[in-house]
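Here's the structure, in structure tokens; my notes come after.
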Amino acid sequence: MGQPIDRRRSPSWRRYLRFWGNDPGGDLDDELRFHLEARYDEYVASGMSPADARAEVARRFGDLTRVREQCATIDTQWRRERSMRESVSRIGGELRVAARSLRKTPAFTFAAALALALGIGATTAMLSVVRAVLLEPLPYHDADRLVVALHDGRNPVAPANFADWRAQTHSFTDMAAAELWSPSLTGGDDPEQLSGLHVTSNMLPLLGVKPLLGRTFTPAEELPGGEHVVLLSYGLWQRHFAGNPAVVGTTVSMDGNRYTIVGVMPKTFQFAPFWATHAELWAPLVLEPRITSRTGQSLRVFARLKPGVTLTQARADLASVTSRLEREYPGTNQHVELVPLKEKVVGDIRTPLVVLLVAVAFVLLIACANVAHMLLARGAARHREIAIRTALGATRGRLVAQLLTETILLAALGGAAGLGLAIVGVRALVAASPAIIPRVSTVHVDAGVLVIASGITLVTALAFGLMPALRAAQVDLAETFRDGDRASSDGRGRIRMRGALVASEFALALVLLVGAGLMIRSFAALERVDPGFDPRNVVSMVVSTVGTPAADPDRHAAFYVDALTRVQAIPGVVAASYVNHRPLDGDLWGFPFHIEGRPIPKPGASPTATYRVVFPGYFGTMRIPLLRGRDIATTDRAGAPGVVVINEYMARAHWPGQDAIGKRITLDDSTWFTVVGIVKNVVRGDLADPPAEEMYFSFLQQPAYVNGTGASRAMTLVARVACSESPCDAARFAGPIRGAIRSVERAAPISAVTTMGTLMADATAESRFYVALLAAFAIVAVVLAAVGIYAVMSYAVSRRTHEIGIRMALGAEPAAVLRSVVRQGLAVAALGASTGLVAAIALTRLMRGILFGVSPTDAVTLASVTALLFVVAVVASLAPAFRAVRINPLIALRSE
């Protein structure tokens with residue numbers, strides 16, 4: 001330890017000043033010496049020898065270097081904590097000052113926070129939708145490696161082609177297939193037709209999804225004659241089986257067969273995500289004996305890329321196989337495309353969502369611009385206050401920090417309110433979204449959305465607050481205190497900045513209005529589309545014989561005839577008939593046909609037409625105009641000459657300049673059908689789709705339908721009703737119609753009960769949804785822009801009080817003053833409109849894919865929107881202008 005330190009070199013009062021001096025290290029050494037000496041004196045006083053006392057002190061205190069380091073660490077930590085406490089205290093003080101400042105101007109605080117809440121809320125809600133629909137991976141294992149193989153990227157595949165692709169390609173770990181299945185759940189009092197899929201046994205392992213309960217399928221269950229097994233969706237399990245875990249292993253009756261339930265899928269499982277999206281159960285796909293068929297195209301093919309294999313390599317691999325098969329089997333492997341599953345799911349919806357996201361970003365920018373010039377005006381009004389604070393010693397950095405603190409607090413208020421609006425907005429969006437938007441049910445506000453909202457709030461605060469804060473902190477003390485309040489008049493820089501902000505608001509609002517206007521005109525064009533039939537007062541439902549005695553070939557046709565007779569006898573039913581697939585359902589089940597007297601085309605080159613099977617009276621019930629010839633008649637039955645009615649497009653496409661009546665076509669080169677009638681083109685699916693060939697055959701001349709084989713065991717009933725009330729509630733006839741059908745066959749499955757009016761509304765639901773959202777964003781943008789120009793003009797008038805008073809005193813006419821103020825507002829609007837028109841012409845090209853019947857650069861829309869914004873500018877400028885002409889010159893001059 002060494003000799004004790006001389007007490008005269010370490011006075012006791014030093015311990016009261018430890019760490020307070022300019023040399024904390026020296027203070028620490030003095031403190032340690034003081035304690036060593038005190039303990040040494042204590043031991044000597046107790047009778048120890050000096051040597052023993054020194055040894056005992058050394059033993060008790062240990063390594064002084066280590067003690068010194070520990071004390072230094074404690075000192076550093078204490079200083080850091082003190083600095084942190086001071087920082088927190090300083091920030092708290094800044095926040096308290098900012099809160100007091102905002103409380104003094106409640107109108108400003110409310111207006112600014114509301115503008116920000118609208119912008120942040122709308123942006124956060126739309127980002128939530130985009131994130132869930134476009135950015136989140138599909139709920140499968142390593143979903144980015146999943147692909148779909150289809151003809152032309154959308155058409156199904158024949159079983160033999162699927163088998164060859166799976167066997168001959170080398171780029172996939174596995175390949176699976178699925179086929180649409182619409183089983184009827186029978187055995188109860190109310191049979192129900194469900195939506196399902198037949199899938200190969202490797203489908204679920206391919207997706208990497210395991211059942212919640214039970215197991216998946218085995219390869220043996222794909223073989224003909226194997227046990228009928230089925231997997232249930234979570235929703236079907238809850239709805240029909242009350243969520244009973246013991247359901248696994250039990251049987252259920254479907255399509256007249258007993259199926260063993262082998263498992264229940266998780267609640268979040270959905271397959272397929274782009275087609276048959278409402279599937280509620282899955283069963284093994286039995287391909288034998290169809291595995292050699294290259295004509296019955298009914299499969300959707302899914303595959304998983306091998307590790308390290310790129311999409312380009314896989315496409316080349318598949319193209320090599322299909323090219324070889326096309327040479328071997330002409331017309332069977334044409335235009336095969338390999339598409340990422342995610343692209344297949346979100347491809348059609350990406351453009352509309354991007355357009356909406358850009359729209360809400362514009363709303364946020366408008367809100368920021370609005371608040372920015374509010375802050376500029378507020379900063380100008382506080383010019384003298386800031387000058388006094390500067391004179392009292394406040395630095396420019398401190399002033400900017402204080403002003404930014406107010407801005408951040410204001411943004412936090414807007415962000416909190418915006419988050420509440422986002423939660424409400426997301427729920428409204430989910431509820432109002434049409435079924436076409438994929439995965440919309442997964443959209444919700446979660447931790448990720450909170451992070452997004454916080455980030456938007458912070459960026460927004462910096463975006464609209466920094467420049468006004470820097471501007472406000474620039475003061476000339478001499479000028480301010482020499483001229484008093486007059487020194488607070490705005491310079492050209494501030495005037496130009498506020499004008500630029502308002503012009504930018506108008507430019508952004510114009511782009512939004514143009515987008516909304518284009519969607520409105522597109523929606524109006526869709527509404528004007530003639531569907532080819534009259535959808536009013538028509539009830540429709542799918543009637544099946546699956547799993548019932550009526551499925552017997554000897555009873556099948558008689559069931560439909562008897563049921564139709566009873567439906568037609570219902571009071572209020574004007575007409576009724578059947579069709580295999582009703583309009584607007586989008587079922588494009590097509591058949592190739594050959595025209596008599598023309599060369600037989602090469603395999604795969606035959607023209608095709610949508611295949612329809614109808615009962616007599618169908619065209620009259622749907623009010624589809626018969627342009628030439630006759631309708632399907634009751635005499636058009638088995639044994640009579642085959643007849644067919646075609647649509648106008650087919651007649652013009654294949655018999656141009658001729659009368660198609662009397663011409664003959666065949667589907668199988670053995671049975672010929674004579675064209676007996678031509679009807680108006682009918683919309684088959686999307687209203688925006690162009691017309692295509694469509695042919696209608698008599699039910700009683702189609703053996704598959706007469707005998708009820710395969711998919712031919714179901715028909716769609718359409719019934720036109722008459723109502724005493726207006727508008728007619730056609731849906732109330734659904735009950736009596738169901739009862740009439742069940743009176744013929746109690747177990748007949750009935751599904752898809754709706755009205756054709758509802759189907760028409762659903763056909764325009766997507767466009768209506770986009771119109772509503774864009775219109776809402778545009779209205780908010782216009783209101784914010786109008787408020788902005790009103791605020792700027794009001795502020796400009798208040799700052800020009802002295803000038804206007806002088807002009808009025810010198811004899812200026814009120815009309816001249818009025819024109820001057822309005823002209824200033826129109827100048828800002830003109831600048832914004834010109835910029836907005838250029839931006840609108842460039843950006844609305846993104847909307848080309850979602851427009852119908854209107855060009856992205858439609859002159860009528862551009863002119864109308866520009867005129868509307870100028871009207872808004874005039875209206876927003878009039879109130880400040882009228883206030884200007886009412887200024888009393890004497891009061892204005894006296895105020896100076």
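The values are calculated or read from the model by the stated rules, or taken from the named source; none is laboratory data. As the structure is a prediction and not an experimental result, all values here were calculated from the model. With ideal geometry, Cβ positions are generated from the backbone for all residues, glycine too; neighbour counts draw on all protein chains shown. The protein model used for the area step is the full one, side chains on, heavy atoms only, and it has no ligands, DNA or RNA in it. Shrake-Rupley method; radii C 1.70, N 1.55, O 1.52, S 1.80 Å.
Need pairs with beta-carbon distance below 7 Å; first residue within 11 Å of residue 200 (Cβ to Cβ) and within the range 157-176, second in a helix (DSSP H, G or I) and open to solvent by less than 20 Å² (accessible area, probe 1.4 Å); sequence gap 6+ or separate chains. Listed pairs, sorted by first residue: 174/206; 175/165; 176/203; 176/206. For the range 597-615, the set of residues classified as surrounded by fewer than 19 Cβ atoms within 10 Å (Cβ to Cβ) and either within 16 Å of residue 653 (Cβ to Cβ) or at pLDDT 95 or above (or both) consists of 598, 601, 605, 606, 607, 608, listed by residue number.
So, in the range 616-634, exactly how many residues are aliphatic (A, V, I, L, M) and open to solvent by 60 Å² or more (accessible area, probe 1.4 Å)? The qualifying residues number 2.
Quick test for you: out of 103, 79, 39, 90, pick the one residue that is at pLDDT 80 or above and more than 30 Å from residue 353 (Cα to Cα). Please lay out each step first, then the result.
Values: 79 fails: at pLDDT 80 or above; 39 fails: at pLDDT 80 or above; 90 fails: at pLDDT 80 or above.
Every option except 103 fails the conditions.
Listed by position, the strands (runs of 3 or more DSSP E) inside the range 276-372 whose residues that are closer than 30 Å to residue 228 by Cβ number at least 1 are 281-284, 299-305. Scanning the range 93-119 for residues that are within 11 Å of residue 413 (Cα to Cα) and β-branched (Val, Ile, Thr) gives a single hit, 109.
The residue list 285, 318 contains one member that is touching a His at 6+ places or on another chain (Cβ under 6 Å) and either surrounded by 18 or more Cβ atoms within 10 Å (Cβ to Cβ) or free of Cβ contacts under 8 Å to residues at least 24 places away in the same chain (or both), which is 285. Would you mind telling me which numbered condition in (1) over 22 Å from residue 311 (Cα atoms); (2) surrounded by fewer than 18 Cβ atoms within 10 Å (Cβ to Cβ); (3) not polar (S, T, N, Q) residue 160 fails? Going through (1) over 22 Å from residue 311 (Cα atoms); (2) surrounded by fewer than 18 Cβ atoms within 10 Å (Cβ to Cβ); (3) not polar (S, T, N, Q) one by one, residue 160 breaks only (2).
A quick yes/no check of all residues on (1) of a type in the set (Ser, Thr, Tyr); (2) closer than 22 Å to residue 362 by Cβ:
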| residue | (1), (2) |
| --- | --- |
| 849 | no, yes |
| 854 | no, yes |
| 857 | yes, yes |
| 864 | yes, yes |
| 867 | no, yes |
| 874 | no, no |
| 878 | no, no |
| 885 | no, no |
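So that you can scan it fast, the table gives a plain yes or no per residue for (1) part of a helix (DSSP H, G or I); (2) open to solvent by 30 Å² or more (accessible area, probe 1.4 Å):
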{"residue": "103", "(1), (2)": "yes, yes"}
{"residue": "115", "(1), (2)": "yes, no"}
{"residue": "124", "(1), (2)": "yes, no"}
{"residue": "132", "(1), (2)": "yes, no"}
{"residue": "180", "(1), (2)": "no, yes"}
{"residue": "198", "(1), (2)": "no, yes"}
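Tell me the residue from 214, 208, 243, 256 that is open to solvent by 40 Å² or more (accessible area, probe 1.4 Å) and over 30 Å from residue 146 (Cα atoms), please. Checking each option against the conditions leaves just 256. If you check residue 503 against the conditions, is it over 30 Å from the mean Cα position of the chain (by Cα), more than 30 Å from residue 700 (Cβ to Cβ) and open to solvent by less than 30 Å² (accessible area, probe 1.4 Å)? Yes: the conditions hold for residue 503.
Please tell me if residue 591 is surrounded by fewer than 20 Cβ atoms within 10 Å (Cβ to Cβ) and at negative phi. Considered against the rule, which asks whether it is surrounded by fewer than 20 Cβ atoms within 10 Å (Cβ to Cβ) and at negative phi, residue 591 comes out as yes. The set of residues in the range 606-619 being in contact with a strand residue (DSSP E or B) (Cβ under 6 Å, 6 or more places away or on another chain) and farther than 21 Å from residue 691 by Cα consists of 615, 617.
If you filter the range 705-738 down to residues that are open to solvent by less than 40 Å² (accessible area, probe 1.4 Å) and of a type in the set (Gly, Ala, Ser), you find that the one that is modelled with the lowest pLDDT is 712.
In the range 420-466, the qualifying residues are those that are free of Cβ contacts under 8 Å to residues at least 60 places away in the same chain and of a type in the set (Ser, Thr, Tyr), and the one that is nearest to residue 371 (Cα to Cα) is 454.
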